[in-house]
1. How much of the accessible area of the chain, in percent, comes from carbon and sulfur atoms when a 1.4 Å probe is used?
2. How many Å² of accessible area per residue for the chain, probe 1.4 Å?
3. So if we plug the beta-carbon distance of residue 39 and residue 65 into 1/(1 + (r/R0)^6) with R0 = 22 Å, what FRET efficiency do we get, rounded to 0.05?
4. Between residue 84 and residue 155, how many nm apart are label points set 7 Å from Cα along the C-beta direction?
5. Could you grab the relative contact order for the range 1-144? Cα pairs under 8 Å, six or more apart, rounded to a whole percent.
6. With angles folded into 0 to 90 degrees, how steeply does helix 159-174 sit against the dominant principal axis of the chain? Use alpha carbons for both and round to 10.
7. Work out how much length residue 50 to residue 148 would gain on full extension: take 0.36 nm times their residue separation and subtract the Cα-Cα distance, in nm to one decimal.
8. Rounded to the nearest 10 degrees, what's the angle between the helix 10-19 long axis and the longest principal axis of the chain, both from Cα atoms, 0 to 90?
Amino acid sequence: MAIQSETELYSPIKNYLELLGYEVKGEVKHCDLVAIRGDEPPIIVELKKTLNLPLLIQGIDRLQQSDTVYLAVELPATGRAPHQLKWSDLTRLCRMFGLGLMTVRFYSRRKPKVEVLCQPEPYTPRRSKVKAARLLYEFKERTGDYNVGGSTQRKLMTAYREKALHCAYWLQQSGPSSPRQLREWTENAKVLTLLRANYYGWFVRVERGIYRLTASGEQALEEYSSIVTNVLNARGQVATAKTTSVVETEEIMEVIETVQTIATLESI
């Protein structure tokens with residue numbers, strides 16, 4: 001049952017705090033709700049139908065008056081957090097500003113339920129060494145800036161895609177090849193893992209230890225031809241037109257030798 005105004009949040013939160021021994025008063029010095037218990041510092045609660053930027057700013061301002069400030073919003077019947085976020089995202093946001101977060105769930109035949117999602121206390125975000133390392137690795141492994149910041153619902157040129165294109169290029173140039181050869185040409189120690197994963201569907205194993213390029217791989221090389229050139233240049237390699245495979249080269253040499261033999265016999 002959706003509420004019409006944030007004032008409907010006042011009574012359930014007042015009752016909740018009074019059960020905990022607080023004396024509660026509304027609209028004290030521009031604060032929606034103030035609660036005091038004995039000699040403890042005051043609790044301030046700011047009320048809004050949903051969590052938004054004005055409420056967050058309001059809560060930050062109230063920290064000048066008390067260290068214990070809560071934001072209180074309605075918990076929809078669906079249980080979903082606003083703005084297509086998770087409640088864990090919103091509690092993390094509130095904690096980063098030293099704010100607490102309360103929700104009030106309204107029912108048609110039951111009393112409203114108040115729940116405290118996080119307490120207002122000092123918060124220091126924990127830095128993830130793994131995520132930081134992955135960020136630096138991704139940045140350094142990319143050969144250029146091929147994506148527009150803020151883009152959604154479109155293919156991104158990642159370091160992994162660059163490496164897959166590099167591998168596809170050499171398969172196009174040399175024909176069916178072994179991971180050992182591709183590792184040497186691409187200087188990618190994880191090329192076998194890349195081939196086996198085949199995330200983009202560009203590779204296929206034709207026999208034990210030999211891979212070739214698929215039609216979709218050929219299309220990808222055409223689609224990203226300029227990027228492939230940049231990847232090769234960044235590694236000191238020069239992009240060339242498609243060459244013949246080792247098997248094709250051997251067949252050509254046999255034909256040349258045959259022609260030379262025939263010409264020699266005719267001259268005798």
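1. Working: 9380 of 17690 Å².
Answer for the chain: carbon and sulfur cover 53 percent of the accessible area.
2. Values: 17690 Å² over 268 residues.
Roughly 66 Å² per residue, with all protein chains present.
3. Details: r = 17 Å, r/R0 = 0.77.
Given R0 = 22 Å and the Cβ-Cβ separation, E is 0.85.
4. 2.3 nm
5. Working: 228 pairs, mean separation 27.6, N = 144.
Relative CO of the range 1-144 lands at 19 percent.
6. 10 degrees
7. Values: separation 98, 0.36 × 98 = 35.28 nm, distance 3.24 nm.
Gain on stretching residue 50 to residue 148: 32.0 nm.
8. 70 degrees
The values are calculated or read from the model by the stated rules, or taken from the named source; none is laboratory data. Remember, predicted model here, so these are calculated numbers, not experimental data. All Cβ positions, glycine included, derive from the backbone under ideal geometry; neighbour counts span all protein chains shown. Accessible surface areas use protein heavy atoms only, side chains included; no ligands, DNA or RNA. Shrake-Rupley method; radii C 1.70, N 1.55, O 1.52, S 1.80 Å.
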